[in-house]
Amino acid sequence: MPGQLFTEYFLTDGIRHTPERQSQRPAFVAFRDAARRLFQDFAAYHEPNETQTEQDLIRPLLQRLGWTDDLPQAASSGGENIPDLLLFRDAEAKTRAASSEASPYLEALAIAELKRFRRPLDVRGPGKGTQASSPHAQILRYLSTAETVTDGNLRWGILTNGAVWRLYDQKTRPRATAFYETNLQALLDADDENGLRTFHLLFRRSAFVRRPGAATTFVEAALDEGKRYEQRVAQSLAGVVFERVFPRLLQAFADTTDRPMLEIRQATLIFLYRLLFILYAEDRGLLPVNDAAYDDYGLRKRVRDDVAERKTRNDTFSTVASSYYDHLVTLFRLIDRGDPSIGLPPYNGGLFAAEAAELLNQVRLPDDVIADVVFDLSHTRHDGQPAYVNYRDMSVQQLGSIEERLLEQEPVLNDEGRVQVRLNSYARRDSGSFYTPQDLVDLILDQTLGPLVDERLAAFETRAADLRSDRRSKAARLAELRGLDPAESVLDLKVLDPAMGSGHFLVSAVDFLTDYIADLIEFAPAVPDWLPQDDPYCSPLLDRVAAIRADILHRARQSNWKVNETQLTD
């Protein structure tokens, strides 16, 4: 699951309607043809090293993208926080940076980190300390330094191994997925014009320069457009759930059983949550939806796509047959228990357990009901037409807000035996005004967890300084210092949310702490300067990560689970 910086909607649809895309053709053709020649010439290398990749492939590509003014950075003795290149708007900015007594970062538009051809970007290299960091961790560390030096003005980073290119944004959270990734070599091999044009628009120098009369740069506008789309889809989906999906499911379950309405409501909520989970997990690749062994048993192909195709030709859905419902109930069981024969591990957190809602296994809803529900959950209205909803573009927090507001809905039977939905007397206002905005959540986390993290780092730094003059062996001092490792100490924090709701605050807390822990792992090697440079400090947390990765792969081999190893990053 590559980075989540831009929405799928913007990359596949929104970008095509931008003025830059409309006027791009001549510049794009020149770049595409030059890139093809560069890769053809570069193929002469059998195993190109980093220097050859930089000089003969990456920097020429950057120049074709308009980055003609760059400044290579000489590494410090430790090489801790120095990217390969600083990229500038023009020659004047580069000249000012080169001659300035202040930091050259102040004039840069972006930083660039260049790796040998096809080096994995999420895997730590051989060796120890900072030199063994994964390229992904390296550029995050460089961006943190740039953010501090420039007071947040330098936010963009480019990481590439020549084939795979990533664009990072320091201001987007969580930082672990705040990047956009594309494989330029694969796009050229496939002659994928749309993909190539998107690459050219997002990585060229002019995308980072504010356009005349514009308030933002192209990449900033792209992020803003994605956020507007997310909000629009989330609002539309919430309306569909409350106005059509939830009432339709309540009525359908009530028509099939005489169980108490409280039990029907609980079963309906769980059924709806299961559908949302699967839609989200399949669109984000967390379920193996593109695997031939799984696709016949998943939701997308056999239900979601089939319903959409039949709806377009006004097909009839049975009011008696329950083929869609039977398929879903089987899928729920497979997700809960796992199925090695189709490479599916168990997701046994309780949502899909049979005992969570036994009623769901005792009734059958007809195809016409499930078709309407799945279609409504899969589409929003755009310009009067149904538009496909890609759940990849929705955050857990947005889905959580729908879940919280669903808990406010109370079904009752009227005199005619029909289900009506009303707000219960203890519900929050329908506007969701008591749902904590993300900006406020971020502020609370920064003011509460931030100081606690800083305390643990300070304790580590203080003890490292004290141990500099300690007469014991380095091994003994290192063992004591590892007991104060700041990354592991942060994992000992306990965070309580007594009014948890959908978990919005706690999900944000996990993202917040994850970013901090990643920073601490990268920062810690520079703290105990009395350790040799060829064997610097390394957080013991990385050993735990490696052990977890090995355990996942071992279990996957034993149970025949399909695992994408590129997702098993630190």
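The values are calculated or read from the model by the stated rules, or taken from the named source; none is laboratory data. Everything numeric here is computed off the predicted structure, so don't read it as measured data. We place every Cβ from the backbone using ideal geometry, glycine too, and count neighbours over all the protein chains shown. Note: areas computed on protein heavy atoms with side chains; ligands, DNA, RNA excluded. Shrake-Rupley method; radii C 1.70, N 1.55, O 1.52, S 1.80 Å.
Look at LEU106 and say whether it is in contact with a strand residue (DSSP E or B) (Cβ under 7 Å, 6 or more places away or on another chain), within 22 Å of LEU167 (Cβ to Cβ) and surrounded by 14 or more Cβ atoms within 10 Å (Cβ to Cβ).
Considered against the rule, which asks whether it is in contact with a strand residue (DSSP E or B) (Cβ under 7 Å, 6 or more places away or on another chain), within 22 Å of LEU167 (Cβ to Cβ) and surrounded by 14 or more Cβ atoms within 10 Å (Cβ to Cβ), LEU106 comes out as no.
Are any residues in region 190-220 out of contact with any strand residue (DSSP E or B) (no Cβ under 8 Å at 6 or more places or on another chain), over 17 Å from ARG36 (Cβ atoms) and of a type in the set (A, V, I, L, M, F, W, C), and if so, which ones?
Scanning region 190-220 gives LEU201, ALA207, VAL209, ALA214, ALA215, PHE218.
In the set ARG333, ARG418, ARG405, which member is touching a helix residue (DSSP H, G or I) at 6+ places or on another chain (Cβ under 9 Å), surrounded by 19 or more Cβ atoms within 10 Å (Cβ to Cβ), under 22 Å from ILE264 (Cα atoms) and among the charged types (D, E, K, R)?
Just a single option satisfies the conditions, and that option is ARG405.
Are any residues in region 174-184 touching a residue at least 40 places away in the same chain (Cβ under 8 Å) and open to solvent by less than 50 Å² (accessible area, probe 1.4 Å), and if so, which ones? Explain how you work it out, then say what you get.
First, the residues of region 174-184 that are touching a residue at least 40 places away in the same chain (Cβ under 8 Å): 174-181, 184.
PRO174, ARG175, ALA176, THR177, ALA178, PHE179, TYR180, LEU184 - these are the residues of region 174-184 that are touching a residue at least 40 places away in the same chain (Cβ under 8 Å) and open to solvent by less than 50 Å² (accessible area, probe 1.4 Å).
Listed residues LEU275, LEU223, LEU187; which is within 30 Å of ARG32 (Cα to Cα), part of a helix (DSSP H, G or I) and either free of Cβ contacts under 8 Å to residues at least 12 places away in the same chain or out of contact with any Gly (no Cβ under 7 Å at 6 or more places or on another chain) (or both)?
That would be LEU223, the only listed residue that is within 30 Å of ARG32 (Cα to Cα), part of a helix (DSSP H, G or I) and either free of Cβ contacts under 8 Å to residues at least 12 places away in the same chain or out of contact with any Gly (no Cβ under 7 Å at 6 or more places or on another chain) (or both).
When you scan region 253-266, do you find a residue that is within 30 Å of GLU8 (Cβ to Cβ) and open to solvent by 30 Å² or more (accessible area, probe 1.4 Å), even just one?
In the first step, residues of region 253-266 are kept if they are within 30 Å of GLU8 (Cβ to Cβ); the result is none.
No: region 253-266 contains no residue that is within 30 Å of GLU8 (Cβ to Cβ) and open to solvent by 30 Å² or more (accessible area, probe 1.4 Å).
So which of LEU5, LEU61, LEU11 is within 28 Å of the chain's Cα centre (by Cα), at pLDDT 95 or above and within 18 Å of ARG166 (Cα to Cα)?
LEU61
Report yes if VAL441 is in contact (Cβ under 8 Å) with a residue 12 or more places away in the chain, in contact with a His (Cβ under 8 Å, 6 or more places away or on another chain), within 25 Å of ARG173 (Cβ to Cβ) and among the aliphatic types (A, V, I, L, M), otherwise no.
In short, yes.
Which of the residues that make up region 537-563 are among the hydrophobic types (A, V, I, L, M, F, W, C), assigned to a loop (DSSP other than H, G, I, E, B) and under 19 Å from GLU522 (Cα atoms)?
Here is the first cut: in region 537-563, the residues among the hydrophobic types (A, V, I, L, M, F, W, C) are 538, 541-542, 545-548, 550, 552-553, 556, 561, 563.
Subset that is assigned to a loop (DSSP other than H, G, I, E, B): 538, 561, 563.
The one that is among the hydrophobic types (A, V, I, L, M, F, W, C), assigned to a loop (DSSP other than H, G, I, E, B) and under 19 Å from GLU522 (Cα atoms): CYS538.
Quick test for you: out of LEU269, LEU279, LEU328, pick the one residue that is at pLDDT below 95 and not polar (S, T, N, Q).
LEU269
Show me the helices (runs of 4 or more DSSP H) found entirely inside region 279-366 where at least 2 residues are farther than 22 Å from ILE552 by Cβ and among the acidic types (Asp, Glu).
Once the helices (runs of 4 or more DSSP H) in region 279-366 are filtered for at least 2 residues that are farther than 22 Å from ILE552 by Cβ and among the acidic types (Asp, Glu), what remains is 306-312.
For PRO498, state whether it is more than 25 Å from LEU140 (Cβ to Cβ), without any contact (Cβ under 8 Å) to a residue 60 or more places away in the chain and not acidic (Asp, Glu).
Numbers: more than 25 Å from LEU140 (Cβ to Cβ): yes; without any contact (Cβ under 8 Å) to a residue 60 or more places away in the chain: yes; not acidic (Asp, Glu): yes.
So PRO498 passes the test.
Taking region 452-479 on its own, how many of its residues are open to solvent by 60 Å² or more (accessible area, probe 1.4 Å), more than 19 Å from LEU531 (Cβ to Cβ) and free of Cβ contacts under 8 Å to residues at least 12 places away in the same chain?
2
Can you say whether ARG392 is assigned to a helix (DSSP H, G or I), closer than 21 Å to LYS301 by Cβ and either of a type in the set (Asp, Glu) or at pLDDT below 95 (or both), as far as the supplied structure shows? Reasoning before the result, please.
Values: assigned to a helix (DSSP H, G or I): yes; closer than 21 Å to LYS301 by Cβ: yes; either of a type in the set (Asp, Glu) or at pLDDT below 95 (or both): yes.
It is true that ARG392 is assigned to a helix (DSSP H, G or I), closer than 21 Å to LYS301 by Cβ and either of a type in the set (Asp, Glu) or at pLDDT below 95 (or both).
If I ask for residues that are part of a helix (DSSP H, G or I) and of a type in the set (A, V, I, L, M), which ones from region 1-54 would you list?
Filtering region 1-54 for residues part of a helix (DSSP H, G or I) gives 8-12, 14-17, 19-22, 25-42, 50-54.
Those that are part of a helix (DSSP H, G or I) and of a type in the set (A, V, I, L, M): LEU11, ILE15, ALA27, VAL29, ALA30, ALA34, ALA35, LEU38.
For region 486-539, which positions are more than 27 Å from the chain's Cα centre (by Cα) and of a type in the set (Ser, Thr, Tyr)?
Scanning region 486-539 gives a single hit, TYR537.
Evaluate region 460-472: report whether one residue or more is in contact with a Leu (Cβ under 8 Å, 6 or more places away or on another chain) and of a type in the set (Phe, Trp, Tyr). Steps first, answer last, please.
Pass one, region 460-472, residues in contact with a Leu (Cβ under 8 Å, 6 or more places away or on another chain): 460, 463-464, 467.
From the residues that got through so far, the ones that are of a type in the set (Phe, Trp, Tyr) too are 460.
Yes: one or more hits.
Where residues in region 283-309 are open to solvent by 50 Å² or more (accessible area, probe 1.4 Å) and in contact with an Asp or Glu (Cβ under 7 Å, 6 or more places away or on another chain), which of them is nearest to SER378 (Cα to Cα)?
Among them, the one singled out is ARG300.
Could you please let me know if ILE548 is modelled with pLDDT of 90 or more, of a type in the set (Val, Ile, Thr), over 19 Å from GLU461 (Cβ atoms) and exposed (fewer than 13 other Cβ atoms within 10 Å of the Cβ)?
Details: modelled with pLDDT of 90 or more: yes; of a type in the set (Val, Ile, Thr): yes; over 19 Å from GLU461 (Cβ atoms): yes; exposed (fewer than 13 other Cβ atoms within 10 Å of the Cβ): yes.
For ILE548, the condition - modelled with pLDDT of 90 or more, of a type in the set (Val, Ile, Thr), over 19 Å from GLU461 (Cβ atoms) and exposed (fewer than 13 other Cβ atoms within 10 Å of the Cβ) - is met.
Would you confirm whether any residue within region 113-127 is surrounded by 19 or more Cβ atoms within 10 Å (Cβ to Cβ), modelled with pLDDT of 85 or more and more than 26 Å from the chain's Cα centre (by Cα)?
Scanning region 113-127, I find no residue that is surrounded by 19 or more Cβ atoms within 10 Å (Cβ to Cβ), modelled with pLDDT of 85 or more and more than 26 Å from the chain's Cα centre (by Cα), so the answer is no.
In region 480-530, how many residues are in a helix (DSSP H, G or I), small (Gly, Ala, Ser) and open to solvent by less than 30 Å² (accessible area, probe 1.4 Å)?
Number of matching residues: 5.
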